[in-house]
Amino acid sequence: MLAVLAVGLVVLVNGPWLRVERVAWAGQHYTAASELQRATNRLRGDRLLTMDLAALRSELERLPAVSQASVEAELPDTVKITLSEKAPAFVWQTSVVRLLGAADGTLIGQIARSVDLPAELAALPLVDDERAASRSMIVGDRIDAVLLSTALRLVALDPARIGSKASGFGVSLDDEHGFVLVARDAPWQAALGNDRVDPAEDPSQSTDLIEAQLAGIRTLLAMQPEEQLSWIDVRNPGKVYWRP
């Protein structure tokens, strides 16, 4: 009897039955369907009971947006995939597309510039990167940690800390001025530079420079009504330039 069962099992596993015919996935919000299809198309026709589920799970967890993947074989012909994705922490906008980034700087998804951001994404910090190099940024790239830290720090800046009546600040990047602080409900912008990251540089040096630049803006606003300012250049905090 055992021999008959064993033979039957071998025939069942190796025969035309119990082959993968369907792949179902759930939990994806930022992972593109094309990425999932590339990872799973090769499964169709494979033997369901002898699939390497661990290898497939590892492959899926290498996708930019995926933090964890669950993979199950369901009789008679289905592989079921459930994804847990990284939470978006910021929006990095280029001239081409809006890219969604996780807390570690990895770009995990994208949204066309022509589409309104959903409320939960519109509430995230947004950096407007106008540099030429940003046009080639894609999902899977990672924003440098120092660059990202500087950008998010500027977006979160409390206007009262520098003596401004602005309602908040936007942050942009361009090839000529580096970081630019854009006051909301006030007429001025301030060039800070700081966009060229030197891997050999101590991150605290960037922090110290930003503190000196913000102190320069605060000193200027204490002397000059911000309603009369349009442009401030504090790339060299020892020589602050401004124009009405």
inquiry  = Would the chain count as rounded, prolate or oblate if I go by the C-alpha gyration tensor, calling it rounded below 1.5 in a/c and otherwise prolate when a/b exceeds b/c, oblate otherwise?
reply    = prolate
note = Simple SL model, points at 7 angstrom along Cα→Cβ for residue 47 and residue 142; separation in nm is 3.9 nm
request  = Would you mind classifying the range 16-85 by shape? Square roots of the alpha carbon gyration tensor eigenvalues, ordered a ≥ b ≥ c; an a/c under 1.5 is rounded, otherwise it is prolate if a/b is larger than b/c and oblate if not.
outcome  = prolate
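Which of rounded, prolate or oblate describes the range 110-244 when judged by the alpha-carbon gyration tensor and an a/c cut-off of 1.5?
oblate
Select from the range 106-152 those trypsin sites (Lys or Arg not before Pro) which occupy a DSSP coil region and have at most 14 other Cβ atoms within 10 Å, ordered by residue number. Each step should come with its number before you reach the end.
On the way: sites: 113, 131, 135, 142; in loops: 113, 131.
Listed in order of number, the matching sites are 113.
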inquiry  = Full-extension gain between residue 21 and residue 112, please, as 0.36 nm times their residue separation minus the C-alpha to C-alpha distance.
reply    = 29.4 nm
request  = Go ahead and estimate [θ] at 222 nm for the chain from helices alone: -39,500 (n - 2.57) per DSSP H run with n ≥ 4, summed, over the residue count, rounded to 500.
outcome  = -8000 deg cm²/dmol
request  = Give me the aspartates and glutamates in straight-line cross-link reach of residue 165: C-alpha distance below 18 Å, same-chain residues under 8 apart excluded.
outcome  = 185, 226, 227
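Let's test the formula: R0 of 41 Å, r as the Cβ-Cβ distance of residue 218 and residue 96. What FRET efficiency results, to the nearest 0.05?
Working: r = 36 Å, r/R0 = 0.87.
The value I calculate is 0.70.
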task = Could you run the Karplus curve 6.51 cos²θ - 1.76 cosθ + 1.60 with θ = phi - 60° over the range 114-130 and give me ³J(HN,Hα) per residue in whole Hz, x for Gly and Pro?
result = 6, 9, 5, 6, x, 3, 5, 8, 4, 7, 7, x, 10, 10, 9, 9, 9
query = From a point 7 Å beyond the Cα of residue 227 in the direction of its Cβ, which residues of the range 158-173 have a backbone N at a distance under 18 Å?
reply = 163-168
Unit charges on C-beta of K, R, D, E only; dipole of the range 90-243, Debye = 280 debye
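Restricting to Cα pairs below 8 Å that are 6+ residues apart, what does the relative contact order work out to for the chain? Please round to a whole percent.
Details: 430 pairs, mean separation 28.4, N = 244.
Relative CO of the chain lands at 12 percent.
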query = Roughly what would the spin-label model give for residue 38 and residue 67, points 7 Å off Cα along C-beta, in nm?
reply = 2.4 nm
note = Of the range 99-136, those with amide N under 20 Å from the point 7 Å along the Cα→Cβ vector of residue 207 are 103-105
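All of the numbers you see were taken from the coordinates with simple rules; none came from a lab. Fair warning: this is a prediction, and the values are worked out from it, not measured in the lab. Positions of Cβ are generated from backbone atoms using ideal geometry, with glycine treated the same way; all protein chains shown enter the neighbour counts.
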